[in-house]
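See structure below.
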Amino acid sequence: MSKEEKSQGKKLKDILMSRKKHALYKMTDEEVKKCDEFCEGYKSFLNSVKTEREAVEFTVKLLEENGYKPYEPGMGLKAGDKVYVNNRGKAVMMAVIGTDDIKNGVDICAAHIDSPRIDLKQCPVYEDNEIAYFKTHYYGGIKKYQWTVIPLALHGVIIKADGTKISVKIGEDEGDPVFCINDLLPHLAAEQMKRPLAQGIKGEELNIVIGSRPFREDDLSEAVKLNILKLLNEKYDITEDDFLSAELEAVPAFKAQDVGFDRSLVGSYGHDDRVCAYTALMAAVECKTPRRTAVTVLTDKEETGSDGNTGLQSAYLKYFIADLAEEFGTNGRRVLSASECMSADVNSAFDPTFPDVLEKRNCAYINYGVCVTKFTGARGKSGTSDASAEFVGKVRSLLDKNNVIWQTGELGKVDVGGGGTVAAYIANLNVDTIDVGVPVLSMHAPFETVSKLDVYMTYKAFEAFLNQ
Ligand code: MN
Ligand code: MN
């Protein structure tokens with residue numbers, strides 16, 4: 001039926017009622033191709049970057065290749081200059097100086113580069129019944145049972161007593177060994193299976209197998225542990241005490257892969273929140289000379305509450321903005337008060353297998369575009385930064401104007417659960433802040449799933465925001 005033939009009611013419906021649609025129906029084949037290509041770059045990022053430290057290394061290298069210089073307070077800045085600050089190798093901020101007076105504010109994109117994982121304890125190595133293990137302490141909110149019986153790689157650093165830093169990355173290359181956490185066979189798990197799911201595997205049961213052959217000498221106690229320490233000493237020149245000053249993280253050893261016959265999805269470890277970090281970084285790298293100064297921050301420690309000097313509850317972003325302000329003879333508080341922020345983090349996507357936890361009219365769906373979330377929080381919006389209607393209106397019109405396909409979303413039904421992101425900490429600096437990001441399935445699992453169309457639309461949203 002052509003448009004002229006539509007009934008009065010249908011015409012009215014078109015005008016008055018909002019309709020949600022799969023992004024594919026709103027995109028040309030050309031655009032879909034672009035988005036698939038963009039996600040090839042994203043997948044290789046996921047495969048080479050699995051920790052916040054590796055994300056910072058990747059970022060700094062890319063920034064240097066694209067004309068960014070390390071920022072030194074008082075260095076003198078002008079429109080078009082590109083600078084960055086590496087915060088302890090775990091967080092990074094970058095800015096492209098705009099043509100507008102900085103006292104009118106900056107545009108900030110923020111995402112986090114830490115992901116849930118299994119950290120080693122400070123005294124991790126032990127032997128039990130001639131099997132050597134690492135003791136661990138999980139990082140971030142995980143369903144512990146999901147982290148057993150999968151291949152794990154070990155990433156991180158060891159700082160020796162003389163200050164030497166040793167980088168560790170094992171389990172990623174073809175031919176590398178991997179590690180794993182064992183689980184009980186079903187035949188003997190009758191008692192374990194009666195535990196509530198949250199306790200199916202307990203924190204102190206997340207022990208990582210690291211070896212099983214002893215050092216060959218009769219009547220030697222802890223000979224398997226000794227043999228492992230000998231191997232580590234040969235490879236890294238370390239002793240057991242060097243674990244005291246190490247940050248070693250066990251992460252899934254598998255690679256990012258297309259999911260589905262139609263390759264519409266990407267399955268990977270660490271989409272939360274490297275999917276927003278990568279898209280924001282790409283937008284920052286491609287940002288030429290914006291009107292307003294474009295600031296992008298890739299932060300650490302979101303998964304543990306943003307505390308600490310590399311998390312966004314610390315003052316490091318505030319100090320950076322203050323330094324930029326001083327370059328132009330104004331102060332940080334004035335700049336921040338006029339600034340705006342897209343706080344980018346993943347959101348929960350509707351999963352038809354578990355429909356009860358989300359409210360269908362207000363949750364996000366995969367393939368419906370970048371998700372814009374006015375407020376997060378738990379119960380009565382506890383812990384949220386509730387973006388003002390005025391700011392939501394502004395973002396809405398910006399996205400529409402730039403043909404960004406977007407949707408709204410919320411993190412679960414009222415009273416079912418909830419959560420927050422770094423939005424609140426940036427908003428607390430008196431910055432207009434809104435949550436945006438990619439809807440994800442199986443969030444915080446070792447293998448999370450996102451839609452390629454949504455990833456690309458998130459990149460387009462940042463691009464629009466930084467180039468207003
Ligand atoms: Mn996140
Ligand atoms: Mn998370």
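Just to check your reading of the model, which residue among V372, V357 is aliphatic (A, V, I, L, M) and surrounded by fewer than 18 Cβ atoms within 10 Å (Cβ to Cβ)?
Values: V372 fails: surrounded by fewer than 18 Cβ atoms within 10 Å (Cβ to Cβ).
Being aliphatic (A, V, I, L, M) and surrounded by fewer than 18 Cβ atoms within 10 Å (Cβ to Cβ) holds for just one of V372, V357, which is V357.
For segment 311-322, give me each residue that is more than 16 Å from ligand 2 (Cβ to nearest atom) and either farther than 30 Å from K43 by Cβ or open to solvent by 10 Å² or more (accessible area, probe 1.4 Å) (or both).
Of everything in segment 311-322, those that are more than 16 Å from ligand 2 (Cβ to nearest atom) and either farther than 30 Å from K43 by Cβ or open to solvent by 10 Å² or more (accessible area, probe 1.4 Å) (or both) turn out to be S314, A315, Y316, K318, Y319, F320, I321, A322.
Output the number of the condition that S48 fails; it satisfies all remaining conditions of (1) under 16 Å from S268 (Cβ atoms); (2) touching a residue at least 60 places away in the same chain (Cβ under 8 Å).
Going through the list (1) under 16 Å from S268 (Cβ atoms); (2) touching a residue at least 60 places away in the same chain (Cβ under 8 Å), S48 breaks only (2).
Examine segment 127-140 for a residue that is under 18 Å from the mean Cα position of the chain (by Cα), away from ligand 1 (no atom under 16 Å from the Cβ) and open to solvent by less than 10 Å² (accessible area, probe 1.4 Å), and state whether such a residue exists.
No, segment 127-140 contains no residue that is under 18 Å from the mean Cα position of the chain (by Cα), away from ligand 1 (no atom under 16 Å from the Cβ) and open to solvent by less than 10 Å² (accessible area, probe 1.4 Å).
Of the conditions (1) open to solvent by less than 10 Å² (accessible area, probe 1.4 Å); (2) among the aliphatic types (A, V, I, L, M); (3) within 15 Å of ligand 1 (Cβ to nearest atom), L441 fails just one. Which one is it?
Of everything listed in (1) open to solvent by less than 10 Å² (accessible area, probe 1.4 Å); (2) among the aliphatic types (A, V, I, L, M); (3) within 15 Å of ligand 1 (Cβ to nearest atom), L441 misses just condition (1).
Which condition does A349 not pass, out of (1) open to solvent by 40 Å² or more (accessible area, probe 1.4 Å); (2) within 16 Å of ligand 1 (Cβ to nearest atom); (3) not basic (K, R), if it passes all the others?
For A349, the failing item is (1).
Return the residue satisfying two criteria in turn: it lies in segment 141-152 and is away from ligand 1 (no atom under 16 Å from the Cβ) and surrounded by fewer than 20 Cβ atoms within 10 Å (Cβ to Cβ), and of such residues it is farthest from D300 (Cα to Cα).
Quick first cut of segment 141-152, residues away from ligand 1 (no atom under 16 Å from the Cβ) only: 144-152.
Now drop any that are not surrounded by fewer than 20 Cβ atoms within 10 Å (Cβ to Cβ), which leaves 144-146, 148-151.
Details: K144: 22, Y145: 25, Q146: 23, T148: 25, V149: 27, I150: 25, P151: 25 Å.
Residue satisfying both the conditions and the ranking: V149.
How many residues does segment 302-317 hold that are polar (S, T, N, Q), within 16 Å of ligand 1 (Cβ to nearest atom) and over 9 Å from V422 (Cβ atoms)?
Within segment 302-317, residues that are polar (S, T, N, Q), within 16 Å of ligand 1 (Cβ to nearest atom) and over 9 Å from V422 (Cβ atoms) number 2.
Those residues that are open to solvent by 40 Å² or more (accessible area, probe 1.4 Å) and either within 16 Å of ligand 1 (Cβ to nearest atom) or basic (K, R) (or both), I need them from segment 393-417; list them, please.
Across segment 393-417, the qualifying residues are K394, R396, K401, L411, K413.
How do the pairs read when you match residues in segment 446-465 that are closer than 16 Å to A110 by Cα and surrounded by fewer than 24 Cβ atoms within 10 Å (Cβ to Cβ) with residues anywhere that are at pLDDT 95 or above and charged (D, E, K, R), using Cβ under 8 Å and keeping only pairs 6 or more apart or on different chains?
Pairs that qualify, where the first residue is closer than 16 Å to A110 by Cα and surrounded by fewer than 24 Cβ atoms within 10 Å (Cβ to Cβ) and the partner is at pLDDT 95 or above and charged (D, E, K, R), are E463/E286; A464/K401.
Inside segment 205-243, can you point out the residues that are more than 23 Å from R117 (Cβ to Cβ) and in a helix (DSSP H, G or I)?
First, the residues of segment 205-243 that are more than 23 Å from R117 (Cβ to Cβ): 212-227, 229-231, 233-234, 237, 239, 241.
Across segment 205-243, the qualifying residues are A223, V224, K225, L226, N227, L229, K230, L231, N233, E234, D241.
The values are calculated or read from the model by the stated rules, or taken from the named source; none is laboratory data. This structure is a prediction, so every number in the text was calculated from the model and none was measured. All Cβ positions, glycine included, derive from the backbone under ideal geometry; neighbour counts span all protein chains shown. What goes into the accessible areas is simple: the full protein's heavy atoms, side chains included, and nothing from ligands, DNA or RNA. Shrake-Rupley method; radii C 1.70, N 1.55, O 1.52, S 1.80 Å.
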